[in-house]
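The values are calculated or read from the model by the stated rules, or taken from the named source; none is laboratory data. Here the structure is a predicted model, which means the values were calculated and not measured. Using ideal geometry, Cβ is built from the backbone for each residue, glycine included, and neighbour counts are taken over all protein chains shown.
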């Protein structure tokens with residue numbers, strides 16, 4: 001008897017691709033069904049996918065168990081908005097079988113969803129806002145912030161901040177604004193789909209000037225006082241200037257020529273200023289001020305009255321003075337400087353040394369270009385100016401030769417040059433001749449030491465046309481010399497340590513006189 005048998009040879013499995021479901025921007029679901037193992041064990045099954053048709057297991061793939069039957073596969077790491085091709089696969093000892101190809105497109109990235117944060121901390125040139133990104137639209141937030149403009153619906157082509165990346169809340173500092181301006185602002189967020197905006201908000205910047213306090217007025221004399229201020233808050237821009245504004249009318253402010261103004265540096269903090277050149281027995285109104293880029297803030301107004309008694313002359317206490325008396329009985333201190341003996345006070349007589357009257361001319365029009373001898377008091381106020389500053393005499397009174405007490409005379413140019421040379425020359429002599437301090441001199445009173453004892457004062461002058469000028473800042477003294485229609489005078493100023501010989505002054509000009517001993 002002869003017997004025989006045969007065994008069926010294995011083939012590839014049979015697999016069906018399941019359709020797509022649950023498609024998002026980065027994931028999807030698919031799967032398959034192995035309906036026939038081909039006569040050999042199915043050792044692996046799943047799906048494979050790529051951006052090209054007919055994907056194989058060398059592309060992206062899942063492994064979802066073994067054997068026959070249905071299975072589900074999860075596709076991950078997809079690129080939003082991209083089309084993919086998918087096939088189920090099953091592997092046995094014969095090889096790999098694929099199901100029918102299906103395709104799908106991953107969901108695209110959407111614009112983000114966000115809100116604009118309320119505008120807060122609104123200052124003169126800045127404010128704070130921000131936003132909250134509640135949905136990134138399925139794409140990475142690569143930029144976020146706020147944008148603003150004076151026009152409606154601002155976008156990222158207008159002014160903007162850049163405040164990091166990613167979803168969630170953020171804060172934005174808006175800068176570079178103008179005071180008292182209206183602005184529209186929107187939060188923005190950018191992903192690969194584009195830029196989305198939050199709701200539009202409107203705000204108006206404030207006007208924030210410095211907050212300053214006026215300090216108490218102290219050290220009040222007839223011609224000077226001390227005051228100052230302290231800046232409590234400079235605003236939201238730098239303090240560019242600070243100081244005092246004052247005058248004889250109430251509520252002084254910067255924008256009017258009638259007020260006197262000091263400039264005492266910049267920045268916050270406190271400052272003090274010695275005010276000089278005030279008028280005796282006069283009520284003054286004063287306020288501290290501070291100015292930033294936005295405007296000017298003022299402190300409370302202070303009111304004070306200068307003394308009704310002139311400040312005494314500040315002679316050099318280290319020196320020994322003599323004295324001389326004029327024909328009116330006025331006594332003057334005298335001082336020896338080198339080989340010369342000088343009056344240390346301004347002449348204030350109303351008579352020549354022979355007893356005759358010096359013509360007193362208070363009227364401006366009568367004084368104007370007067371061609372004969374005359375004198376006056378500054379501003380025609382004898383009670384205020386006589387005892388300290390003396391009188392103002394024109395050159396014609398000087399030229400009589402009888403103005404000084406007997407044995408004394410008005411100095412010549414040569415005698416002033418001798419004095420200047422003894423004190424170190426014209427560039428230095430003024431500082432050594434001027435009264436020290438600011439009891440009577442305005443401003444810096446440059447290098448004033450009065451080491452000579454001369455005690456020069458800023459008595460001002462009466463111009464040839466009759467107007468009183470430059471009191472407190474300059475002192476001019478008549479010389480006996482002349483040239484044609486012009487007289488010689490020597491001048492000193494608050495801002496200089498020098499003396500200047502002037503030869504071009506009209507002989508009708510009234511100036512102070514210091515006599516020198518014969």
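Quick notes on this structure:
- Identity of the residue in the range 156-176, buried (at least 19 other Cβ atoms within 10 Å of the Cβ) and in contact (Cβ under 8 Å) with a residue 40 or more places away in the chain, that ends up nearest to the chain's Cα centre (by Cα): 174
- Residue check, residue 387 part of a loop (DSSP other than H, G, I, E, B) and either closer than 19 Å to residue 333 by Cβ or assigned by TED's automatic domain parsing to the domain that holds residue 511 (or both): no
- Any hit, the range 361-379, residues being touching a residue at least 24 places away in the same chain (Cβ under 8 Å) and closer than 30 Å to residue 244 by Cβ: yes
- Any hit, the range 151-164, residues being in a strand (DSSP E or B) and under 25 Å from residue 26 (Cβ atoms): no
Residues checked against (1) surrounded by 17 or more Cβ atoms within 10 Å (Cβ to Cβ); (2) in contact with a strand residue (DSSP E or B) (Cβ under 6 Å, 6 or more places away or on another chain):
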{"position": "410", "(1), (2)": "yes, yes"}
{"position": "434", "(1), (2)": "yes, yes"}
{"position": "452", "(1), (2)": "yes, yes"}
{"position": "462", "(1), (2)": "yes, yes"}
{"position": "471", "(1), (2)": "yes, yes"}
{"position": "485", "(1), (2)": "no, no"}
{"position": "496", "(1), (2)": "yes, no"}
{"position": "508", "(1), (2)": "yes, no"}
{"position": "511", "(1), (2)": "yes, yes"}
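- Extreme residue, surrounded by the most Cβ atoms within 10 Å (Cβ to Cβ), among residues of the range 242-257 that are within 23 Å of the chain's Cα centre (by Cα) and touching a residue at least 24 places away in the same chain (Cβ under 8 Å): 242
- When 355, 371 are checked against the criterion of being under 20 Å from residue 488 (Cα atoms) and in the same structural domain as residue 436 (by TED's automatic domain parsing), a single residue qualifies: 371.
- Residues in the range 62-78 that are surrounded by 13 or more Cβ atoms within 10 Å (Cβ to Cβ) and closer than 27 Å to residue 192 by Cα: 74, 75, 78.
- Residue 184 outside any loop (DSSP other than H, G, I, E, B), within 30 Å of residue 111 (Cβ to Cβ) and not assigned by TED's automatic domain parsing to the domain that holds residue 439: yes
- Residue 126 vs. criteria surrounded by 15 or more Cβ atoms within 10 Å (Cβ to Cβ), in contact (Cβ under 8 Å) with a residue 24 or more places away in the chain and within 23 Å of residue 235 (Cα to Cα): yes
- Residues (assigned to a loop (DSSP other than H, G, I, E, B) and either surrounded by fewer than 17 Cβ atoms within 10 Å (Cβ to Cβ) or over 19 Å from the mean Cα position of the chain (by Cα) (or both)) located in the range 226-241: 238
- Selection from the range 304-317 of residues that are part of a loop (DSSP other than H, G, I, E, B), surrounded by fewer than 17 Cβ atoms within 10 Å (Cβ to Cβ) and touching a residue at least 24 places away in the same chain (Cβ under 8 Å): 307, 308, 309, 312
- The range 460-518: number of residues that are more than 38 Å from the chain's Cα centre (by Cα) and not in a strand (DSSP E or B): 15
- Top-ranked residue in the range 368-384 [being part of a loop (DSSP other than H, G, I, E, B) and in contact with a strand residue (DSSP E or B) (Cβ under 9 Å, 6 or more places away or on another chain); ranked as farthest from residue 330 (Cα to Cα)]: 369
- Restricted to the range 362-382, and to residues there that are in contact with a helix residue (DSSP H, G or I) (Cβ under 6 Å, 6 or more places away or on another chain) and surrounded by fewer than 22 Cβ atoms within 10 Å (Cβ to Cβ), the residue that is farthest from residue 509 (Cα to Cα) is 362.
- Residue 223 meets the conditions (1) at pLDDT 95 or above; (2) crowded, with 21+ Cβ neighbours inside 10 Å in every case but one. The failed one is (1).
- Positions within the range 405-427 being in a loop (DSSP other than H, G, I, E, B) and within 19 Å of residue 503 (Cβ to Cβ), in sequence order: 410, 411, 412, 425
- Filter result for residue 438 (assigned to a loop (DSSP other than H, G, I, E, B), surrounded by 21 or more Cβ atoms within 10 Å (Cβ to Cβ), out of contact with any strand residue (DSSP E or B) (no Cβ under 8 Å at 6 or more places or on another chain) and touching a residue at least 60 places away in the same chain (Cβ under 8 Å)): no
- Top-ranked residue in the range 270-281 [being modelled with pLDDT of 95 or more and either within 17 Å of residue 305 (Cβ to Cβ) or under 17 Å from the mean Cα position of the chain (by Cα) (or both); ranked as surrounded by the most Cβ atoms within 10 Å (Cβ to Cβ)]: 271
- Residues that are closer than 12 Å to residue 238 by Cα and part of a strand (DSSP E or B) within the range 275-295 comprise 290, 291, 292, listed in sequence order.
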